[in-house]
Amino acid sequence: MVAYRIGIDVGGTFTDFVAVPDDGSSILRHKVPSTPTDPARAVGEGMADLLGMLDGATISSVTHGTTIGLNAIIQRRGGKVVLVVTEGFADLLEIGRSRMPNSFNLHAVGQQPLVRRDSVLQLGSRLDPAGNVVDPATDDEVAATAARIVEQAPETVVLNLVNGYANPDYEQQVADRLAAAISGLGSSIEVISAAALWPEIREYERCLVAVMGAHIHGIVKRYLENLQRRLAEQGVTAPLFISASNGGTLSVESAIAQPLDTILSGPASGVTSAQLHYPGENLITFDMGGTSSDISIIVEGRSRLSTTNEVGGLALMLPVVDVSAIGAGGGSVIWADLSTDQPVLQVGPESVGASPGPASYGQGGDRAAITDAYLATGMIDPAGFLGGTMPLDADLATAALAEATHQLGVDTDDAAGWAAGTALRLTTAQMATELQKLLAERALDAPDFTLVPFGGAGPTHAALLADELGITRLIVPDAAATYCALGAALAPLRRDFVHSVRTLLDDQTVANLRSAGGRIIAEGREWLAANGDNPDEGLVEVVLDMRYPGQAYELSIELGRFGLADLADAAEVVEAGRIREAFNAEHQLRYDFVHASSALEVGTLRMAIIGRTIPLAAPAHDAEGHQPAPRARRRLNHRGTWVEAEVHDYADLAVGATTTGPAVIEHSDTTIVVPPQWALRRLPNRDLELVKEASL
């Protein structure tokens, strides 16, 4: 019997499901409206539907991407945390990096810390920069601190000592002593060592990693345990995995232990899927859903991990797949801005969400959204939305768009068409501007990349964005509307490790890095085995954060990806000449110069342990298809001009089938728009390739 791997992605508007068969046959897809007030309800309802579609088939695994932790931090509704710091550093969270949110706003206020000032306790224990214990924590201090903790009755305690990264074993020992003292007072409260959790230099950011994780620990634990219970009630006994922010997955036990690793997992899964399907290529992923549009840049098959993200205004130093929000989603509001002397049409940032949704949903909402603009320009069919299961009301869309035009006082015979066309041009220009900035920062050029759109609205809007950027090739995945859920199902296990040194590159530093790397490889192999994977089939990625002495920030230098079975220890990777050569090449690319004779400073060793990659289904071997006859024709407004477009059913396009724009391809869960001067072809792996005809 065929076994299925199930992937689940919870979005702001829809919750997506895919079932990937082990034998490579057709992937099953399903979508249900999200339930923001209770995300588990949509997951349960969708799983029930999917299990009915699978009709008793075996399920080998379930992988779930969740935003429960992210929402808890943004809304500040996690559990109570007590923070214990080195004496004299009680204001660590308030001071942060001493940066104002807006330097030109005298009334700006900083972000509210996750730990109240009266819940920050001080301990006399102190370490020097080398990790030597200068002032040990006495038994009396530990006992007194434990008593104050019990009085406050927090859900979790975080211990963060100055320079703790240099001696995480000592900080963990103090945390264990605190936990024992608390237990001796009749309470059971977990004590987390920040340095043991993430031993990286920079006190404020390291402290935030532990505090944010502690803040969401309880709510994530309860959610995942409830999810496990619901799945069991539905007869699902397969292991549950959770999507991780680094593009991999974690066992549910690992996710409960380190919930912060899952906080930005949703967007990362789509990037993972693109990398697995098109290894070695230059890609820009474009995920346009109901609320926003996110992009990630993949160079030669590798996406970049960022350690400078923010969550709810708080710095996140954990490695996260570098995904950037660049614009509106299908639910972004189109509105008339009358606040200035020259009124203008605006799009977003507010979204109408799943309920009431765009005006055309007919659920009581009367504000126009991007989805209404697609409807008014002929890009989507009101009767065919979501395969006909959720018909839209074109009259309501027209009325809402026309109202925005009338508020601006624009004199036109087609008020709805004017607002729709203007909103789409504005949205596209804003997206292109933001993306060009990101590419310029990395000395990259948009025409050198293939755009991979997914999400419900991505394939609909992709060609507009490609034209604006000068991109001449698109790949629309077969599972575009559920691509993040597909990435969740396919993603391998992955865990990141760090070791900070902050010393000049010399023989002693190389020896230190090799020793730390060897320990990480051994721990990583044990972690893979404990999570049910074969370590000999795993990989390790090695990265060094480096800089010239005196620089404020480091460059992340990739030393390569190696098979764990072939790598005896880190000595094969960490070699001084190789490190200097890699740093010089990256610095030349970024800044167009190098100081070849300068000393180099090594900040942090980063290693990622990656589990076995699930092989993808073999491409289909169908006979070459012909140019299919259109099912219908309809008017399509392309950049202000109405043209007649062919309408094709996605299922009618056999492998090798071709057509040229203007055309509209209607899928059960998305619509692909092929503008004039673009040609479409169905690839052997069933994805769609769109190429600008001038580049053929």
**Study point:** Simple label model, 7 Å out from Cα along Cβ direction - Thr58 to Val594, nm
**Key:** 5.3 nm
Practice item. Any lysines with Cα under 17 Å of the Lys80 Cα? List them, leaving off those in the same chain fewer than 8 positions away. Key: Lys221
**Study point:** Probe 1.4 Å, protein heavy atoms only - accessible area per residue of the stretch 16-79 in square angstrom
**Key:** 40 Å²
**Study point:** Average Cα contact separation per residue, the chain, under 8 Å, 6 or more apart, as relative contact order %
**Key:** 12 percent
Check your understanding: Measuring with a 1.4 Å probe in the full set of protein chains, what accessible area per residue, in whole Å², belongs to the stretch 409-477?
Key -> 35 Å²
Check your understanding: Once you mark the chymotrypsin sites (Phe, Trp or Tyr not before Pro) that are in a DSSP loop and have at most 16 other Cβ atoms within 10 Å, what is the longest gap between them in the chain?
Key -> 105-552
Review point. Using alpha-carbon positions, what is the distance between the centroids of the stretch 95-140 and the stretch 184-231, in Å?
Key: 18 Å
Point to revise | Cβ-based net charge around Asp261, under 13 Å, with every Lys or Arg adding one and every Asp or Glu removing one | key: 0
Review point. Given H placed on each backbone N at 1.01 Å, which residues far from Ile201 in sequence or on other chains put an amide H within less than 5 Å of it?
Key: Ser500
**Study point:** Alpha-carbon centroid distance for the pair the stretch 304-331 / the stretch 540-613, whole angstrom
**Key:** 23 Å
**Study point:** Value at 222 nm in deg cm²/dmol, rounded to 500, when DSSP H runs of n ≥ 4 in the chain each add -39,500 (n - 2.57)
**Key:** -10500 deg cm²/dmol
Study note, to complete from the structure: Residue span Glu94 to Asn132: 0.36 nm per residue of separation minus Cα-Cα distance leaves a gain in nm of 11.0 nm
Check your understanding: Once amide H atoms are built 1.01 Å from N in the peptide plane, which residues 5 or more positions from Phe241, or in another chain, come under 5 Å H to H?
Key -> Val62, Thr63, His64
Review point. Can you give the net charge of the other residues whose Cβ lies under 13 Å from the Cβ of Ala144, counting K and R as +1 and D and E as -1?
Key: -3
**Study point:** Folded to 0 to 90 degrees: helix 458-469 orientation relative to the chain principal axis, Cα
**Key:** 90 degrees
Review point. If we restrict to alpha carbons, what Rg and Dmax does the stretch 353-394 come to, in Å?
Key: 9.4, 24
Exercise for review: Report the FRET efficiency, 1/(1 + (r/R0)^6), for Asn282 and Asp140, where r is their Cβ-Cβ distance and R0 is 60 Å, rounded to 0.05.
Suggested key: 0.45
Point to revise | Protection proxy ranking, peptides 484-491, 35-42, 666-673, average beta carbon neighbours within 10 Å, highest first | key: 484-491, 666-673, 35-42
Review point. Any idea how far apart Glu575 and Phe104 come out in nm if each label point goes 7 Å out from Cα toward Cβ?
Key: 5.2 nm
**Study point:** Highest-first arrangement of 632-639, 195-202, where packing means the average Cβ count within 10 Å
**Key:** 195-202, 632-639
Review point. Using the Cβ atoms and a cut-off under 14 Å, what net charge is assigned to the surroundings of Asn132, where Lys and Arg are +1 and Asp and Glu are -1?
Key: -3
Exercise for review: Just report the Cα centroid separation between the stretch 627-646 and the stretch 1-80, whole Å.
Suggested key: 35 Å
Point to revise | Surface per residue (accessible, 1.4 Å probe) for the stretch 144-295, Å² | key: 32 Å²
Revision key, fill the gap. Counting sequence-distant residues (5 or more places) and residues on other chains, those with an amide H built under 5 Å from that of Gly538 are Leu564, Ala565
Point to revise | the chain - share of DSSP beta bridges that are antiparallel (%, nearest 5) | key: 75 percent
Check your understanding: To one decimal place, what orientation-averaged projected area in nm² is obtained for the convex hull of the Cα set of the stretch 362-442?
Key -> 7.0 nm²
Check your understanding: From the list (1) 47, 29, 21; (2) 39, 29, 26; (3) 45, 29, 27, can you say which value of semi-axes √(5λ) of the Cα gyration tensor in Å was derived from the structure given?
Key -> (3)
Point to revise | Taking only Cα atoms of the stretch 51-184, radius of gyration then Dmax in Å | key: 20.4, 65
Exercise for review: Roll a 1.4 angstrom probe over the protein heavy atoms and tell me the percent of accessible area of the chain that is carbon or sulfur.
Suggested key: 49 percent
Study note, to complete from the structure: Under the rule rounded for a/c under 1.5, else prolate if a/b exceeds b/c, else oblate, using alpha carbon gyration tensor axes a ≥ b ≥ c, the stretch 133-237 is classed as oblate
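The values are calculated or read from the model by the stated rules, or taken from the named source; none is laboratory data. Small disclaimer: the values here were computed from a predicted structure and weren't measured. All Cβ positions, even for glycine, are placed from backbone atoms using ideal geometry, and neighbour counts span all protein chains on display. The protein model used for the area step is the full one, side chains on, heavy atoms only, and it has no ligands, DNA or RNA in it. Shrake-Rupley method; radii C 1.70, N 1.55, O 1.52, S 1.80 Å.
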